[in-house]
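Read through the structure below, which is laid out as structure tokens, and then see the notes.
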Amino acid sequence: RSAIFSLTHPSHDVFIVIKLEKILQQGDITECAEPYMKDATDKSRDKAKNNAKWFCERLGKYRMPLAWTAIHLMNIVNIDIVQTCHPDLASQEGERLKDEDLFRFLVDLKRPTNVLKRLKCIPGKMKIDVSPCPPDFPCAITPDLHRVKPYPDQRVRPTREIQEFPPLEVTLPHTTYRNLLYIRPQTINFTNRCGSFHIIRGDFTVQILDSEELCNALPLQYGKSNCPDNIAYITGNSPQTHPTPRNPDFYEEVKMQLPTHLTPRHHLFFSFVHISCQRKQELNPIETPVGYTWLPLLSNGRLRVGEHNLPVSVDKTPPPHYSMTTPEGVIPGVKWVDGHKPVFGITLQSVSTVHILDQHLGQFFHLCDIIDSPNVSPHNLKLMDGSRINDLEQELQRYVISMASETQLSSLVKYLYVVLDKLISMLVRPPVVGGQTVNMGQTCFEAISRILFRIHQSKEFRVDTHQLDGVGVRSVAHKVFHEELVLLFVVSTGNVKDRALQNAWFLFELLTKSMTQHIKQAGLLSVSRSERFSNRFMDDVIRLIKLFCHEINSRFNRDYDFAERLNCCLAFLIRDFLSIMDRGFVFQLIHLYYQQWYKKFVCNICLINVDMPFLPVIHFSSSYTKYNHLLQPPTPSNPHIPQVHHEFHYKGELSIELLDQGAPNLSKVQLYATTTLRNLMMSHDEDDRINASHEVKRAVAALYSPLVAIAIQALPYAHLFDEEHSQAKYISYFEAEIVDFWSITLINTPVFYFFYLLFTFLAIFHIMHKCVVMSADSTRNLLLCFIWMLKNTDRSTLRSWWITLPPSHLVSLLDLLYISISCFEYKQEQTIVRHDVARTSFNRGAKKKDSKSRLQEAILGESSARREMLMRRRGGGGGKDMLRWQKDKTEWKQYKHGEHTKQSAEDALLAKNFSAGALNNIMAEMTLITLDTLELLIDMATEYNNGNHTSQILSSALRVLLHCFSKQQSVTVLEHMFAVQRSFVAKVCELLFEEETEQCADLTLRLLEKCSSSMSAVRVHAAASMYLLMKHNFSMGNNFARVKMQVTMSMSSLVGVSHDFDEDYLRRSLKTALNYAEVDSDLEGTSFPDQVRELVFNLQTILSDTVKMKEHQEDPEMLIDLMHRIAKGYQNSPDLRLTWLQNMARQHSERKNQAEAGMCLLHSAALVAEYLSMLEHKSHLPIGCVAFQESAVSDDVVSPNADEVCSEKFFSISGLMAVLEQAVQTFSLAGLHEVVDMIYKILIPIYQHDKDYKKLSNIHEKLRDCFQKINSQLGKRMFGTYFRVGFYGRKFGDLNNNEFIYKEPAITKLPEISYRLETFYSQCFGAEYVEMMKDSSQVDVTQLDPEKAYIQITYVEPYFHHYEDGTKTTYFERNFNVDKFMYATPFTKDGKAHGEMVEQYKRKTFLQVSHTFPYLKTRINVIKKWETVLTPLESACEDVKRKTTDLLRAVHLEPADVRMLQVNLQGAVLTSVNQIPDDPKLWIPYNDLRLSFKQFIYACSVALKKNKSLISTDQKEYQREMERNYHKMNDSLKPMVNNREV
């Protein structure tokens, strides 16, 4: 068994209730259920089984309740197994059969209470599968037992749809025939019935009769299997077992099929019987009649529904003609139960598409039937209640308005199709009664407006669906409907006009349908378009357009959404006119539209937002290209705009006047305009008529030639997909001039209007000189359109366009290509549309939800049968996708009627139809088009041959080409890129090697990256390009020193930065390039092969270093040591040394070692300064590396070899300044603000020499910030923590028996670095071979296991000599340029680490490293080590001095830190004193201790006074306690402090 339930109004309180019945038998329900209980005996079960056989044979068609169960759907959703549940069966209690009792149980079931525990359960399980119903469920039948397609197998048991009775009315039109009546008995009271027995169960039958013959009952019941289809049995139940009369309860209902045509004689007949259940030898009759009653189905012509209380007669047969009256009336000779009181209560509920329950709607249809009936006489007209109609026209108008305004909305919507059909019929064919015509035109139009207004205001219909399948236009006999509709719309006023405007889309649909049907019925398809409609109608249309323009203009300030909706409705209307009316007249309407709008644009920028959706709607017509007269290729050199169009060309004047208004909403206009243009071009690609011929497609592409100027104009505001590029670069290009796209003639075409709107907001941005960056979506759409135009336009046409443009505009085109490459980068997973497209209702290709999610949506209201039906209607299907009225698939509908802005339908279509692979193909095509355009521009630039202009264009072209190499590309695209690159180098090799040296270096780096590719095809092309680059450079002077230097630098940079290149593939590519050189016959006999061989050898050496670096990739200290060693190896090659220093800086920055990264940059700057000093000394430049000695630069800088070529990128004044500025930023991040001051002392003279006062102002502001940070962070700065690390064991290799000082981040604890090193070396050698030494004593190597690796870590502090303590007072000075460290080790003479105070000695170990911290590395090797041993007195004296210093520092700290002061005081006032030693040798250190204690006592007294002035009242007791301890300590120390004999 299976059933389908609908949840129109879902909630959390949804239950499935299942009731079990059994054959009727003698006894109470509880008594009958006892044999089914768990504790029943076998004897009782056998007896019940025998009784059941007898009752089944005698009372098989009667039922009684046995048990029930309920399932809370939310519990199913929350468990792991979604579909299946096994509820327990609770025994039915006889006194709790009503729905109210059931509701109480359901509340307890939701939150379990003790009430449920008292229920008796019948042992047994019921398996129920619950899941959401799929859209096309097979073998289903409706509530009235009609089959629903698909029904593939006639033998399968059907699944029944259960009729839903929602708590709220469902406002949906009737689409199928249904005529059902549900009868639910409530109660019956036979307490006062006279007779030989009482009614205990209250059993009765119900029939539907159309006469008074009981044997001719209509077979319209949907009964159970135990009763025929012309009678229904209802069994009541009394909760008592003894024969005391009670009122029976009912729990069943009767479902009947109503006749299509009801007459006053149709009625329901109820027969009450007594069922004999006693088991005796002489059987009594099973059924004994005890009474009857009836209920007519019609009352005043309407179906009876609701609650009814009826009296019951005790006669055996009903009186004659009883069906013509009700049982409540007085009927002579009839005996009634309880004196004719109503003792039987029932409830009738209908589900009918035939019988109208609303009074106003019923009166309206009654009058319509009277009018449509033939031979109607005005003297015999009556209403449904029988009252006479005196004035038919007045009554008809009154009931039409009453129907439209007072009918319940749910009833009105159910019969909406029929109502509109009747109103339209009366509008176009006025009714004629008795020869008199009833004028109903204005009334019908007002009624339609009222109906549409009410539906529009309802929450159920906020988003209209444009479903007009049932609304047809009747044939016109007297008037033409579309003419009357337009006329009534134009002359309407007041509330009628407002309601009509609210639902203009619907009225416009009626208008266009009527016009289309008029053309077909009148045979006007072959007639000229200009003769299809009358002049009066066309004049009314013009008045209608003016009316809408006026309403939009007057309302957009008050109700912007409504104004935009009106504008969209008007756009769709004009779009429909293009298909059925004279197109010249329609273009006049468009002209009139913009004529009405032009003066308004100047006053308010928001009108552009309202206006933008107008033309896109028209553009998406199927005959769009026919509307645009395809012109000859435009001639930008001969601009011409007719005078008639100057009034629309408001570009400059409007833009200037809008400056004061501002443009806060133009970003939406941007996205809308660019999206519309993109979708329009997509439609061209799908149009077979355009794709059939290349000439046609080129002509269509020529329509979009203004995109060149528009894209150039938008360049300063375009979104840059690479964050490293600055927007201001492009802004500066366009400060001087604006590109005028009007130089291209597109007048007299609809695209003309669109382009001047698109250009307007771009011109506004330009004149405002504000960097209002376009969104990524807007930029992407504009670039897509630009590249589409480039693809479909002939190259000769493009050349003719661009050959006359100034060089600056060609550079701008190259900048557009640069951004396009970033925008359309080839990726593994790429999509053009926004990520929220998958969440829109258009994404039909989304992954199916699992059963649990769909069930939860169905219960909680996220999905429902009704809502899914609405969605299916809105979405359409199959061939209906092109229906005109499905406007919810257009972008404007989603934009206005959604709660949030959704992407257009075309975006969703793109996301659905294209997989990731297809999108990557599109990305590749975009790049190939860009390369073709780039090659065209390169050819044009070489034709220019105009000195600086040509160099500027070619430089930009090379920049674009390098950008292509920097992005991910497919193999096919890379092959074309290499071809373009080789062609470019061959054409402009002098420019590349002499002027664009930096870009040449970038080119070599990109080629080396491709040489390490894993794809052989890419490596072959990259090796060939690298070889030809060297060959072209050699051909210029028999030497390719520049390329050699740049390739070496690129290799060093590649291995130092990139971690994903393959060394083996790179070696193969280098070997391929060497083979090219050896077999090249053109250079045979020259030194070129030897130079290539030397270069390859050097590169192989660098790769060998790379192998070592890869081995230590996880060891940052060893990796930096190796890079430092490589950098020092290039002392004679400044470029390479600089490259490796920058690599080290990057490595440090990645690991947040900003101080070390800054030192690498500082060494780089010293290298550049030394080189510049060697070339020419200038007073404002630093004197080589000597000027950096203050900043701890100590490495010698050796002069380069004679044949070395230093790159101008860094080895120049600008390069020096750039490196120093980068160092400033790095040291600022490290918190070394004092070093920033030192660097600016070098930079300030350079900026002063250049008179760059703006930069000087910024420098002094930064210095002020640095000094303020130094002052505000006194006592709170922490630069680093130092540890001594010793490595012992041959497993360490070069590190064996070496000690280093490690610089770790601030607040690094000893266990942290110990764990890091132990973990790393355990992974290298194995955990069983690594041992951490716990103490800091001297290591005896001979006692160690040679097979193990030992690590000793000790915390150390910077150490300063006595002469340094006075000069290095600040925290920075004591942590910068530090090269000496100290750590202390306690010991006793007996070998223990700790002992009594008089036995405690201390060994102080001092270490000196090879360079000062911070340095290029985070660890520096120890080069010197010495020790000092302190006696117990000397150790104590040192501790007291340190304590005294801490106290005085806390006392003098500003602002005062009470917490620090009290912490130091607590440890100071509890000092213990030992006895004076008798050994005279110890008197001198003892005297030092005595003086130290004297200073210590003084410091304690000062600290106590300071603390007393800072504490609050609640700490006074704490202060007194510390003072008492101080006095005790002072008394104990007096003998020693005052002892002057020592």
A careful count of residues in the stretch 1346-1373 that are under 13 Å from Met1332 (Cα atoms) and in a loop (DSSP other than H, G, I, E, B) gives 1
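So that you can scan it fast, the table gives a plain yes or no per residue for (1) at pLDDT below 80; (2) more than 60 Å from the chain's Cα centre (by Cα); (3) surrounded by 13 or more Cβ atoms within 10 Å (Cβ to Cβ); (4) hydrophobic (A, V, I, L, M, F, W, C):
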| site | (1), (2), (3), (4) |
| --- | --- |
| Gln1466 | yes, no, no, no |
| Leu1470 | yes, yes, no, yes |
| Val1473 | yes, yes, yes, yes |
| Pro1477 | yes, yes, yes, no |
| Trp1483 | yes, yes, yes, yes |
| Asp1488 | yes, yes, yes, no |
| Gln1495 | no, yes, yes, no |
| Cys1500 | no, yes, yes, yes |
| Lys1505 | no, yes, no, no |
If we ask which residues in the stretch 37-78 are part of a helix (DSSP H, G or I), over 30 Å from Gly223 (Cα atoms) and in contact (Cβ under 8 Å) with a residue 60 or more places away in the chain, their number turns out to be 3
Q.
For the stretch 141-151, check the following and say yes or no: at least one residue is assigned to a loop (DSSP other than H, G, I, E, B) and modelled with pLDDT under 75.
A. no
Of the residues in the stretch 1043-1057, those that are modelled with pLDDT under 70 and either surrounded by fewer than 22 Cβ atoms within 10 Å (Cβ to Cβ) or not aliphatic (A, V, I, L, M) (or both) come to Gly1056, Val1057
Being closer than 25 Å to His1148 by Cα and of a type outside the set (A, V, I, L, M) narrows Glu1261, Glu1347, Glu1299, Glu1331 down to just Glu1299
The residue from Thr1354, Thr1319, Thr1369, Thr1342 that alone is open to solvent by 60 Å² or more (accessible area, probe 1.4 Å), of a type in the set (Val, Ile, Thr) and closer than 24 Å to Phe1287 by Cβ is Thr1342
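Table: residues versus (1) assigned to a helix (DSSP H, G or I); (2) of a type in the set (Ser, Thr, Tyr); (3) farther than 20 Å from Leu1167 by Cβ.
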residue: Tyr1065; (1), (2), (3): yes, yes, yes
residue: Thr1086; (1), (2), (3): no, yes, yes
residue: Phe1097; (1), (2), (3): yes, no, yes
residue: Leu1103; (1), (2), (3): yes, no, yes
residue: Ile1120; (1), (2), (3): yes, no, no
residue: Ile1126; (1), (2), (3): yes, no, no
Checking Ser1199, Ser1179, Ser1173 in turn, the sole residue that is polar (S, T, N, Q), assigned to a loop (DSSP other than H, G, I, E, B) and either over 29 Å from Leu1008 (Cα atoms) or modelled with pLDDT of 85 or more (or both) turns out to be Ser1179
Turns out the strands (runs of 3 or more DSSP E) fully within the stretch 273-368 with at least 1 residues that are farther than 30 Å from Ala48 by Cβ and within 56 Å of the chain's Cα centre (by Cα) are 306-310, 344-352
Checked the stretch 698-713 for anything over 37 Å from the mean Cα position of the chain (by Cα) and not hydrophobic (A, V, I, L, M, F, W, C); matches are Arg698
(1) open to solvent by 40 Å² or more (accessible area, probe 1.4 Å); (2) on the phi < 0 side of the Ramachandran plot all hold for Lys1380 apart from (1)
Taking first residues from the stretch 1048-1060 that are more than 15 Å from Ile1120 (Cα to Cα) and hydrophobic (A, V, I, L, M, F, W, C) and second residues anywhere that are surrounded by fewer than 21 Cβ atoms within 10 Å (Cβ to Cβ) and at pLDDT below 65, the pairs with Cβ under 8 Å that are 6 or more apart or on different chains are Met1049/Ser1207
Pairs returned, first residue in the stretch 777-794 that is closer than 17 Å to Phe721 by Cα, second residue that is outside any helix (DSSP H, G or I), beta-carbon separation under 6 angstrom, 6 or more apart or interchain, are Thr779/Ala718; Thr779/His719
Per the filter on the stretch 549-588, residues open to solvent by 10 Å² or more (accessible area, probe 1.4 Å) and of a type in the set (S, T, N, Q) are Asn553, Ser554, Asn557, Ser579, Gln588
Checked pairs for the stretch 483-511, first within 16 Å of Ala404 (Cβ to Cβ), second of a type in the set (Ser, Thr, Tyr) and surrounded by fewer than 21 Cβ atoms within 10 Å (Cβ to Cβ), C-beta under 6 Å and 6 or more apart or across chains, list as Ala500/Ser492
Open item on the list: Suppose the filter is in a helix (DSSP H, G or I), surrounded by 11 or more Cβ atoms within 10 Å (Cβ to Cβ) and within 44 Å of the chain's Cα centre (by Cα); does Leu102 pass it?
Closed with: no
Filter the stretch 491-523 for residues that are aliphatic (A, V, I, L, M) and within 11 Å of Met581 (Cα to Cα); the one that is surrounded by the most Cβ atoms within 10 Å (Cβ to Cβ) is Met515
Residue pairs within 9 Å by beta carbon, gap of at least six or interchain, first lying in the stretch 945-959 and closer than 21 Å to Leu931 by Cβ, second aromatic (Phe, Trp, Tyr) and modelled with pLDDT under 85, listed first then second, are Thr950/Tyr944; Ile953/Tyr944
Checked against (1) more than 19 Å from Ala500 (Cβ to Cβ); (2) of a type in the set (D, E, K, R); (3) modelled with pLDDT of 75 or more, Glu446 satisfies every condition except (1)
Within the stretch 1210-1236, residues being open to solvent by 40 Å² or more (accessible area, probe 1.4 Å) and within 46 Å of the chain's Cα centre (by Cα) number 7
Taking the stretch 332-373 and keeping only residues that are closer than 30 Å to Arg429 by Cβ, surrounded by fewer than 18 Cβ atoms within 10 Å (Cβ to Cβ) and of a type in the set (D, E, K, R), one is left with Asp369, Asp372
If we take the stretch 1252-1333, then strands (runs of 3 or more DSSP E) inside it with 2 or more residues that are in contact (Cβ under 8 Å) with a residue 24 or more places away in the chain and in contact with a Lys or Arg (Cβ under 9 Å, 6 or more places away or on another chain) are 1281-1288, 1298-1304
Picked from the stretch 1257-1290 (must be charged (D, E, K, R) and either within 14 Å of Asp1237 (Cα to Cα) or within 54 Å of the chain's Cα centre (by Cα) (or both)), the residue surrounded by the fewest Cβ atoms within 10 Å (Cβ to Cβ) is Lys1276
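The values are calculated or read from the model by the stated rules, or taken from the named source; none is laboratory data. These numbers come from a predicted model, not from an experiment. Glycine also receives a Cβ, built like all others from the backbone with ideal geometry; neighbour counts cover every protein chain displayed. The area values use the complete protein model at the heavy-atom level, side chains included, leaving out ligands, DNA and RNA. Shrake-Rupley method; radii C 1.70, N 1.55, O 1.52, S 1.80 Å.
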